[in-house]
Amino acid sequence: MSCWMVTGERQATRIRGLYLKTILRQDIGFFDTETTTGEVIGRMSGDTILIQDALGDKVGSSFSFLLHSLEAS
């Protein structure tokens, strides 16, 4: 289970870096008309936390449940 949590953390870190790199490539006008700094930070942290939680906890728990149910049969 812990290997899935590490995988989730690594993927979240990678996605944060790619997201930041993409945001920094935008024209300066993008930040005046399309979004605010708070929105960028909120999306970057909120979305990656969801991905980290899904990969780390939920996938690991699903595999654990699957293995236990296969052992029981």
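Dipole magnitude for the chain: computed about the Cα centre from +1 point charges on Lys and Arg Cβ and -1 point charges on Asp and Glu Cβ, it is near 240 debye. A value for P(r) over Cα pairs in 10 Å bins from 0, in percent was derived from the coordinates, and within the list (1) 20, 45, 28, 6, 0; (2) 19, 35, 22, 14, 7, 3, 0; (3) 15, 21, 23, 21, 12, 8, 0 it appears as (2). Sites listed here are trypsin sites (Lys or Arg not before Pro) in segment 8-39 whose DSSP assignment is loop and whose Cβ has at most 16 other Cβ atoms within 10 Å: 25. Between residue 22 and residue 71, full extension at 0.36 nm per residue minus the direct alpha carbon distance yields a gain of 13.1 nm.
Of the GluC sites (Glu not before Pro) found in the chain, those that fall in a DSSP loop while having at most 16 other beta-carbon atoms within 10 Å are 34.
No value in this document is a laboratory result; all are computed from the given coordinates. All values derive from a computational prediction rather than experimental measurement. Cβ atoms come from the backbone with ideal geometry, glycine included; neighbour counts cover every protein chain shown.
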